[in-house]
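Data block below; observations after.
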Amino acid sequence: MWQQRIFNLLILLCITFFSLIVLLTYIDHNETNNTESKAKNLIQQELGIAVQQIDSELKILYSVANSLVKDISSGELQRSAINDRLAEMMAITPNLFGIGVAYIPYVNTPQERRQSPYYLSRETNEDLIQPFTIPCPTVSNISKCVVFIEYSLKNIQTLPTLKNLGKQASLLNTENLAKIGYQFVISKQGNFITHPIFEYHNEPKNIFEITQHDKVIEQLAKSAIHNNSGFVEYVNQTTGQNLWVFYQPIPTTEWSMFTVLQKDSFIDPTASWQLWIELGIITFLVFLFSLILRVDTGNVFDLWVASCITSVLLLVSLYVVWDFIETGPVISNQDKTQTIIVSPEGLTSFFDYTKNITNNLTVIPTEIVIEHLEFDENDAINIVGYVKQRYKSEIHDEITRGFSLPQAETTKIKIIDHYLTNQTETIRWSFTAYIPQEFDYSKYPLDRRRINLLFQHVDKNVILSPDFYPIMNPSSHPGVEKLNFLHEWNVHSSFFNYQQNEKKLDFYLSIVLQRDLLNPFVYHILPLIVVLVMLFTISLLLGQIKTYFNVIPPLTALFIGTLLSHIGLRQNISMWVILYGEYFYVFTYTSIISVLINFYLFDNHKELKILQYKQGILSKILFFPIVLGEILSIMLWMFIFF
């Protein structure tokens, strides 16, 4: 009778977990696809509206400029009346920020055109561009000229609109525009009209000059200059960012607008059900194999096979959870106070986002490299490295040369290089510093140490910025040389970031260290594995030992050995908090006591049929599944739920 009940229970559990897997898979797929599809559609819709609005405004400005060209060409508008006409046009055209007529020698560049005596502009602090110039046909007695208009770059910037849209649609998980992305506009020839990096459109540069190592953007640019629109998702290998790139044409000027967005700002990578689906599949397989092997029949061989399969699947579950922990993000994108900088575009966007703080600050590009790092017995760190800064002559003449490490108790800084080339003064300092730190040991031995090194300029009105490396992907460890001397730790990632505190910005180099598991495994985990194997061997003797008193000495020895190992762990870690690794000892103590109780009950309570069944087979086959299940449970509790 009970065998049939177990069989029915296994069928019910298989059906339940299979249904749960299907449901979670559907929810995960549906949520991810719906959220992504909704985000992409709304973004494309919003960008389409924005581009249409920009294009309609430019059409009006083009017609204004064209009418002016016609009147000049026909002779209807004399030079003496041009400024009056310009004033009339400015008064009736809201988005016209500047207009002018440039005769030789003012026709060649935007700066020269603004020197024309026939130029009028609004008083504004906004950045202006000249989207097009219309040449005047050469007529007798009229010199060659061009009519030009000026348009605000702010009118082309649609990211704030996307931010508001994302908040309204509950799609955006950050308010920081610098974390959303950036935009740029290119001409029909691929020249930058606008770009977060000022030098790109000031010189100007061509998009194909800077996309030699980014073939995705290069292919999109080739499509865009033919007035195509489109979308692509890709991972930028230089920055490590998962990006969405939208591009759309602006017909009047034959420009193309590119919008580069960070996917993580719209889709939270940690919100997936994938981990639970994988654990659900493993649990389903446990019950499925138990059903296939017909453990309900009580066949000893089949019971042992099911026990081995269950133990292996639990080990796989431990690996799945460990991998989820290892590949998880170091910081949340929703952290409002911290912004990681991995590209010049991101830096420019961040300074624009924080311009209420940075407007009056001078930015000094700074290269920082940590060459040596070690911990002392108090968990403070000793670091050795160098800092290189570049100062522009005349622009930075009033700025003191130097930097500081405010966190350090002791610091030694000395100049090792100092030279001047092309009006740029370059200084390289070497430094050593002793910096107190506080670390959390609660997740030992799967803990990480994040070291935040604060760098400041010696002048209060100056802020440092990263001098960009060829690759700024945090996984490539920018700012950190190979730390082969760093015992027991590996560099997980490093990145430059700004932390915003009220009306102050702090510049950090953050280094994330992951503990090397070899030493904890050899000194603490391996002895426990040996204890558990020996304990399992003793449990196999259940039913063969005449009295439970005979198992007390070996169990006592195992208990004392485990206790000594536990004390050794505690002596190495001064932090008085329960460590994740200590739960392994708790499970081992529990297992030792459980085996002893099991022997006692088996000898003294023959009426307990479940313990007496086939010489205590159930306690033997469940030994490792229960131990591994306990380890998995506490791992989920401390790293996923807690």
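Within segment 2-24, residues that are over 18 Å from residue 276 (Cβ atoms) have Cβ atoms under 8 Å from residues that are in a helix (DSSP H, G or I) and of a type outside the set (D, E, K, R) in these pairs: 3/297; 6/295; 7/291; 10/287; 10/290; 10/291; 10/295; 11/291, counting only partners at least 6 apart in sequence or on another chain.
If only one of 481, 502 is over 21 Å from residue 337 (Cβ atoms), open to solvent by 40 Å² or more (accessible area, probe 1.4 Å) and not hydroxyl-bearing (Ser, Thr, Tyr), which one is it?
Working: 502 fails: over 21 Å from residue 337 (Cβ atoms).
Exactly one residue qualifies, and that residue is 481.
Scanning segment 470-505 for residues that are in contact with a Pro (Cβ under 9 Å, 6 or more places away or on another chain) and of a type in the set (D, E, K, R) returns a single hit, 488.
Of a type in the set (A, V, I, L, M) and in a helix (DSSP H, G or I): does that describe residue 535? So residue 535 fits the description; yes. Residues of segment 484-496 that are surrounded by 14 or more Cβ atoms within 10 Å (Cβ to Cβ), modelled with pLDDT of 85 or more and touching an Asp or Glu at 6+ places or on another chain (Cβ under 9 Å): 489, 492. Filtered by the rule that a residue be under 27 Å from residue 322 (Cα atoms), open to solvent by 20 Å² or more (accessible area, probe 1.4 Å) and either modelled with pLDDT under 75 or assigned to a helix (DSSP H, G or I) (or both), segment 591-624 gives a lone residue, 624.
For segment 452-465, check the following and say yes or no: at least one residue is assigned to a loop (DSSP other than H, G, I, E, B), under 28 Å from the mean Cα position of the chain (by Cα) and either buried (at least 19 other Cβ atoms within 10 Å of the Cβ) or touching a residue at least 40 places away in the same chain (Cβ under 8 Å) (or both).
No, because not a single residue in segment 452-465 is assigned to a loop (DSSP other than H, G, I, E, B), under 28 Å from the mean Cα position of the chain (by Cα) and either buried (at least 19 other Cβ atoms within 10 Å of the Cβ) or touching a residue at least 40 places away in the same chain (Cβ under 8 Å) (or both).
Based on what the data block shows, is residue 415 open to solvent by 70 Å² or more (accessible area, probe 1.4 Å) and not in a strand (DSSP E or B)? Taking the combined requirement at face value, the residue does not satisfy it. Scanning segment 353-363 for any residue that is modelled with pLDDT of 90 or more, out of contact with any Gly (no Cβ under 8 Å at 6 or more places or on another chain) and aliphatic (A, V, I, L, M) turns up nothing. Among all positions in segment 160-178, there is no residue which is in contact with a Lys or Arg (Cβ under 8 Å, 6 or more places away or on another chain), buried (at least 18 other Cβ atoms within 10 Å of the Cβ) and modelled with pLDDT of 80 or more.
Filtering segment 264-283 for residues that are part of a strand (DSSP E or B), open to solvent by 40 Å² or more (accessible area, probe 1.4 Å) and farther than 30 Å from residue 621 by Cα leaves an empty set. From the set of residues in segment 534-552 that are among the hydroxyl-bearing types (Ser, Thr, Tyr) and modelled with pLDDT under 85, which is nearest to the chain's Cα centre (by Cα)? The extreme case among them is 548.
None of 102, 65, 39 is surrounded by 18 or more Cβ atoms within 10 Å (Cβ to Cβ) and more than 16 Å from residue 146 (Cβ to Cβ) except 39.
Scanning segment 105-123 for residues that are buried (at least 17 other Cβ atoms within 10 Å of the Cβ) and of a type in the set (S, T, N, Q) gives a single hit, 116.
With the structure loaded, tell me whether residue 354 is free of Cβ contacts under 8 Å to residues at least 24 places away in the same chain and of a type in the set (Val, Ile, Thr) or whether it fails that test. Before the answer, list the steps.
On the way: free of Cβ contacts under 8 Å to residues at least 24 places away in the same chain: no; of a type in the set (Val, Ile, Thr): yes.
Against the criterion (free of Cβ contacts under 8 Å to residues at least 24 places away in the same chain and of a type in the set (Val, Ile, Thr)), residue 354 does not qualify.
Take residue 203 and tell me if it is open to solvent by 50 Å² or more (accessible area, probe 1.4 Å), without any contact (Cβ under 8 Å) to a residue 12 or more places away in the chain, out of contact with any strand residue (DSSP E or B) (no Cβ under 6 Å at 6 or more places or on another chain) and closer than 24 Å to residue 253 by Cα.
Values: open to solvent by 50 Å² or more (accessible area, probe 1.4 Å): yes; without any contact (Cβ under 8 Å) to a residue 12 or more places away in the chain: yes; out of contact with any strand residue (DSSP E or B) (no Cβ under 6 Å at 6 or more places or on another chain): yes; closer than 24 Å to residue 253 by Cα: yes.
Taking the combined requirement at face value, the residue satisfies it.
Of the residues making up segment 318-346, those that are closer than 21 Å to residue 452 by Cβ, hydroxyl-bearing (Ser, Thr, Tyr) and either at pLDDT below 75 or open to solvent by 40 Å² or more (accessible area, probe 1.4 Å) (or both) number 2.
Here are 12, 77, 47: which of them is open to solvent by 90 Å² or more (accessible area, probe 1.4 Å) and either part of a helix (DSSP H, G or I) or in contact with a helix residue (DSSP H, G or I) (Cβ under 7 Å, 6 or more places away or on another chain) (or both)?
Selected residue: 12, the only one of 12, 77, 47 that is open to solvent by 90 Å² or more (accessible area, probe 1.4 Å) and either part of a helix (DSSP H, G or I) or in contact with a helix residue (DSSP H, G or I) (Cβ under 7 Å, 6 or more places away or on another chain) (or both).
The values are calculated or read from the model by the stated rules, or taken from the named source; none is laboratory data. These figures come from a predicted structure and were not determined experimentally. Cβ coordinates were reconstructed from backbone atoms using ideal geometry, including for glycine residues, and neighbour counts include every protein chain displayed. Just the protein is used for accessible areas: all its heavy atoms, side chains included, with ligands, DNA and RNA removed. Shrake-Rupley method; radii C 1.70, N 1.55, O 1.52, S 1.80 Å.
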